Amino acid sequence: MSEKATKLLLRGGKILNPTTGEQTPADLVVVNGKIDKIGVIATSEFQGKIIEVPGQLILPGLIDMHVHLREPGREDQETITSGCAAAMAGGLTEICAMPDTDPACDKQEVVRFVKKRAEQELVNVHPIAALTKKRAGAELTEMAELQRAGAVAFSDDEGPVVNSAVMRRALEYAGMYNLPIIAHCEDLHLSAKGQINESIVSTRLGLMPIPGAAEEVMIARDIALARLTDGRIHFAHISTRRSVELIRSAKQEGLKITCEVTPYHLFLTDEAMTTFDTNLKINPPLRQPDDRDALLEGLIDGTIDALVSDHSPYSIEEKDVEFAEAPFGMIGLETLLPLVNTHLVKKGTIPLEKAISLLSIGPRKVLNLDIPVIKEGAAANLTVFDPSCSFTVEIDKFYSKSNNTAFAGQTLTGQATCVINRSLYWMSDAEKKK
Amino acid sequence: MSLSIKHLLGLEGVSREDITLILDTAVSFKEILSREIPKVPTLRGKTVVNLFYENSTRTRISFELAEKRLSADSVNFSSSTSSVKKGETLRDTIRNIEAMNIDMVVVRHAAAGVPLFLTKCVDAAIINAGDGMHEHPTQALLDMMSLREKFGSLEGLKVAIVGDITHGRVATSNIFGLLTMGAQVMVCGPKTLIPRDIEKLGVQVTYNVNEAIEWADALNVLRIQLERQDAGLFPSIREYHTEFGITRERLERAKKDITIMHPGPINRGVELDSDVADSEHSLILQQVTNGVAVRMAVLLLLSGVEASV
């Protein structure tokens, strides 16, 4: 998969500054994992691996802060190795692993295990530890130890913390270490046996509905608790207009609130469910056009901090069943950047630099991670992106062990051709053939 | 004449022409059913599987009878457990059955979307006999046949559907079919049993049963299941009857003859009083007879067999 190179030259690319949008044509040399030189480099003077990237964009390495890696526990769906491969192919140099594994990532041993398994990978894997023991919602995990072992946030993702008092204590305790709590907001009584968004579509299709309010009441609760505790909350995969509005106003108030959204909620609506495609069965569900529009507004005005894939691998046997029986979730590491480029950038909703910022700077700010900068002397953490190449999504070419995507056979535009992290690099097959 | 659809998955999107053809064909079959030997050889050599993943007595018997009246070979598969619990996937089950050379599948399942799923697994024509809370198209067709018989046309007819609209696939199919045929539809029931945004389908909504009775030419009264009370959707059966039960007293107050339908089985004294169910304005038993005729029509028209009835 990835290869090692002590000296590496990226030739003919353009360096994108995600803050200003400025694109600077330059060659870039990496020596021993550090950016050694930026400028015009003659190939004749260079000894080492040369990668030609004419006209392509050199970006700070991208990150997906919401990934389910399944290891330990469900290695048939995904492993840390296969997940890292999928991430590379998607142009990501860092990912955050959700704690809903088996066993749950609720002890320092599990955090260390995940870190150890990812040690040799190009992709940095940052474990998100469970908020409560066994993710059961009752007792806090040993947050200080977990943090020292490498956890970057705490979450009981795939489910909410039902007990408000537990959430309050968690916010207070995690606040001592300045780590965010990632909240999956869902009132389980309201969502109950729901399958898709509650709207005219659920009425037509006869599928049990999940009202937007199931998310909104928990966001409102958690905002109240953030105010009470001065704690940091990052809201995972928000999906409704009211959620955006609640978060916008909480941010204006100065609370330590951030949030993320998936690309699916930004360009699809529940109307897509009429095919009963279980790959589109995700949680939170695809909502109405008005919700999608509000999420786009939140993306543009800065209410939303990060774009994430919520990569959720499931086997074909689990997904190829009656709609009501299928689990929620879709894989996304390899389609995150292409979907964002195709459906948000190419359509003119947000400029490329904004999209890249939401895939690199935004999430790292949420998690206090180092933000890669492209300058001489800095650590090499780079994604090379060809924004104009079109390709067809083919599930048998996925590096992920699962193929539960709703985008198979679709043509997308824009793909990562190469990623570099430390002294490791990876090139796409197409790039190698050049 | 033939249908423009290959399967009958629901009535959403089914054209007026197709519905009319099914109803007209059913009328001819009804005549056959009244003969001394109520059987025709039309589907001889065709095999139909009745795949029932959910308990059903009347719909299954109605389909079986329709198949026998058409001389089709039919086999039954019943299972009340879902494929996931059984260990064999639905796709495997249906492909195994298809490997035995079948032409049509009649399917009932507790999960919405299963008939559509089956169309992607096998080549046979699929007929939806009720999928979860989604659709139950043959029930709506037989309701429409009964109404057309009584009123001559569905155009402009006012039909109120009373009861549990949320969990009722009969309601959804009736709404789509009736609106396509030019009828007007009102739904009535406790707000807890009326699904979100249903008015966007083009129906009126009321929570007052007297208003529905006042407005309607015909009432289609749906069964109230006791388990809905357990789920907290209404406080008690008694209160349901007080607020939404169709009683003779309520009907008499309206000072007009209102046609009563019910897809069965009736909870007498809950959603419908006995004297109303058994009155001369009730179409309930005609519905059952028409059910066989409508299902014969659907089976014939989707079989690909060219036959004039």
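The values are calculated or read from the model by the stated rules, or taken from the named source; none is laboratory data. These numbers come from a predicted model, not from an experiment. No Cβ is skipped: glycine too gets one built from the backbone with ideal geometry, and neighbour counts run over all protein chains shown. With ligands, DNA and RNA removed, areas are computed over all heavy atoms of the protein, side chains included. Shrake-Rupley method; radii C 1.70, N 1.55, O 1.52, S 1.80 Å.
For A:Lys14, go through the aspartates and glutamates and keep the ones whose alpha-carbon is under 14 Å away, minus same-chain ones fewer than eight residues off.
Within reach: A:Glu22, A:Asp27, A:Glu52, A:Glu353, A:Asp386.
How far, in degrees from 0 to 90, does helix B:137-151 lean away from the longest principal axis of the Cα atoms of chain B, to the nearest 10?
60 degrees
With all pairs of different alpha carbon atoms counted, what Kirkwood hydrodynamic radius in Å does region B:1-154 show?
Numbers: mean 1/r = 0.0611 Å⁻¹.
The Cα-based Kirkwood calculation yields 16.4 Å.
Please report, to one decimal in angstroms, the Kirkwood hydrodynamic radius of chain B built from all distinct Cα-Cα pairs.
On the way: mean 1/r = 0.0504 Å⁻¹.
By the Kirkwood definition, the hydrodynamic radius is 19.8 Å.
Amide H to amide H under 5 Å from A:Cys389: which residues, 5+ apart in sequence or cross-chain, H placed 1.01 Å off N in plane?
A:Gly414, A:Gln415
If you wrap a convex hull around the alpha carbons of region A:148-267, what volume per residue comes out, as a whole number of Å³?
Values: hull volume 13.1 nm³, N = 120.
Roughly 110 Å³ of hull volume per residue.
Please calculate the 1.4 Å probe accessible area of A:Ser388, with all protein chains present, and give it to the nearest 10 Å².
80 Å²
Viscosity 1.002 mPa s, temperature 20 °C: what is the translational diffusion coefficient of region A:286-434 from Stokes-Einstein with a Kirkwood Rh over Cα pairs, rounded to a whole number of µm²/s? Before the final figure, lay out each step's value.
Details: Rh = 17.3 Å.
After rounding, the answer is 124 µm²/s.
Under the rule of at least 5 residues apart or a separate chain, name every residue whose amide H is placed under 5 Å from the amide H of A:Val161.
For A:Val161, whose amide H was placed from the backbone, the distant partners under 5 Å are A:His184.
Cα centroid distance between region A:392-422 and region B:141-188, in Å?
Centre-to-centre distance over Cα atoms comes out at 48 Å.
Round to the nearest 0.05 the FRET efficiency obtained for B:Ser2 and A:Cys389 when R0 = 56 Å and r is the Cβ-Cβ distance.
About 0.75, to the nearest 0.05.
Could you state the accessible area per residue of region A:61-367 in Å², with a 1.4 Å probe and every protein chain left in place? Present the calculation step by step, with values, prior to reporting the outcome.
On the way: 9660 Å² over 307 residues.
The answer is 31 Å² per residue.
Pairs on different chains or at least eight residues apart, Cα atoms closer than 17 Å: how many lysine pairs in region A:61-367 fit?
10
Residue by residue, what Karplus-based ³J(HN,Hα) values in Hz, rounded to whole numbers, does region A:286-303 have, using 6.51, -1.76 and 1.60 with θ = phi - 60° and x for Gly and Pro?
Karplus-based 3J(HN,Hα) across region A:286-303 equals 4, 9, 7, x, 5, 5, 4, 4, 5, 5, 5, 4, x, 5, 5, 8, x, 5 Hz.
How large is the convex hull of the Cα atoms of region B:158-268 per residue, expressed in Å³ as a whole number?
Values: hull volume 10.3 nm³, N = 111.
Measuring per residue, one finds 93 Å³ for the Cα hull of region B:158-268.
By how many nm would the segment from A:Ile50 to A:Glu245 lengthen if fully extended, with 0.36 nm per residue of separation less the alpha-carbon distance? Before the final figure, lay out the partial values.
Details: separation 195, 0.36 × 195 = 70.20 nm, distance 4.84 nm.
Once the chain is fully extended between A:Ile50 and A:Glu245, it gains 65.4 nm.
Computed on protein heavy atoms with a 1.4 Å probe, what is the summed buried accessible area for the chain pair B and A, in Å² to the nearest 100? Write down the numbers at each step before the final one.
On the way: alone 13880 and 16770 Å², together 28810 Å².
By this definition, chains B and A bury close to 1800 Å².
Where in region A:100-129 does the amide nitrogen come within less than 18 Å of the point 7 Å from the Cα of A:Glu145, taken along Cα to Cβ?
Those under the cut-off are A:103-116, A:127-129.
With runs of 4+ DSSP H residues as the only contributors, calculate the mean residue ellipticity of chain A at 222 nm using -39,500 (n - 2.57) per run, divided by the residue total and rounded to the nearest 500.
Numbers: 14 runs with 124 residues, N = 434.
That calculation yields -8000 deg cm²/dmol at 222 nm.
Residues in region B:28-51, backbone N under 15 Å from the label point at B:Ser79 (7 Å along the Cα-to-beta-carbon vector): list them, ranges by number please.
Those under the cut-off are B:50-51.
Per residue of chain B, what 222 nm ellipticity follows from adding -39500 (n - 2.57) for every DSSP H run with n ≥ 4, rounded to the nearest 500? Can you show the working numbers first?
Numbers: 13 runs with 126 residues, N = 309.
Dividing the helical sum by the residues of chain B leaves -12000 deg cm²/dmol.
Considering only DSSP beta bridges where both residues belong to the protein assembly as shown, give the percentage that are antiparallel (nearest 5). Before the final figure, lay out each step's value.
Working: 34 of 99 bridges.
Here the share of antiparallel DSSP bridges comes out near 35 percent.
Going by amide H atoms built from the backbone, whose H comes under 5 Å of the H on A:His234, apart from near neighbours?
A:Ile181, A:Ile182, A:Ala183, A:Thr258
May I ask you to list the GluC sites (Glu not before Pro) in region A:9-80 that are in a DSSP loop and have at most 13 other Cβ atoms within 10 Å of their Cβ? Walk me through the numbers before you get to the answer.
Values: sites: A:Glu22, A:Glu45, A:Glu52, A:Glu75, A:Glu78; in loops: A:Glu22, A:Glu75, A:Glu78.
Loop-located and lightly packed - A:Glu22.
Could you go through region B:270-285 in sequence order and give the Karplus-derived ³J(HN,Hα) for each residue, using 6.51 cos²θ - 1.76 cosθ + 1.60 with θ = phi - 60°, rounded to whole Hz, and x for Gly and Pro?
10, 7, 8, 7, 4, 5, 7, 4, 9, 6, 6, 8, 7, 9, 4, 6
Using a cut-off of 17 Å between alpha-carbon atoms, which lysines can reach B:Lys200, once sequence neighbours fewer than 8 places away in the same chain are excluded?
B:Lys191
Based only on the alpha carbon positions, what is the Kirkwood hydrodynamic radius of region B:135-208, in angstrom?
Details: mean 1/r = 0.0819 Å⁻¹.
Evaluated over region B:135-208, this radius sits at 12.2 Å.
Would you mind telling me the share, in percent, of accessible area of region A:61-367 contributed by carbon and sulfur at probe 1.4 angstrom? Intermediate values should be presented prior to the final figure.
Values: 4940 of 9660 Å².
Reported share for carbon and sulfur atoms: 51 percent.
Quick check for me: using +1 on Lys/Arg Cβ and -1 on Asp/Glu Cβ, what's the dipole size of chain A about its Cα centre, in debye to the nearest 20? Could you put the intermediate results ahead of the total?
Numbers: 46 positive and 59 negative charges, 232 e Å.
Computed about the Cα centre, the dipole is about 1120 debye.
What is the extension gain from B:Val288 to B:Lys191, computed as 0.36 nm multiplied by their sequence separation minus the C-alpha to C-alpha distance, in nm to one decimal?
On the way: separation 97, 0.36 × 97 = 34.92 nm, distance 2.96 nm.
So the extension gain works out to 32.0 nm.
Who wins for biggest fluctuation among A:Val125, A:Val166, A:Val40 in a Gaussian network model of chain A, springs between alpha carbons below 10 Å?
The residue with the greatest mean-square fluctuation here is A:Val40.
List, in order, the whole-Hz ³J(HN,Hα) value for each residue of region A:13-28 obtained from phi through the Karplus relation with A = 6.51, B = -1.76, C = 1.60 and θ = phi - 60°; use x for Gly and Pro.
Each residue of region A:13-28 in turn: x, 10, 7, 9, 9, x, 7, 9, x, 5, 10, 10, x, 6, 8, 9 Hz.
Over the Cα atoms of the protein assembly as shown, what Rg and Dmax result, in angstrom?
Calculated on Cα positions, Rg and Dmax stand at 30.2, 101 Å.
Sorted by accessible area (1.4 Å probe), largest first, how do A:Arg168, B:Arg169, B:Arg95 line up? Let's see the in-between values first.
On the way: A:Arg168 80, B:Arg169 35, B:Arg95 135 Å².
Descending accessible area places them as B:Arg95, A:Arg168, B:Arg169.
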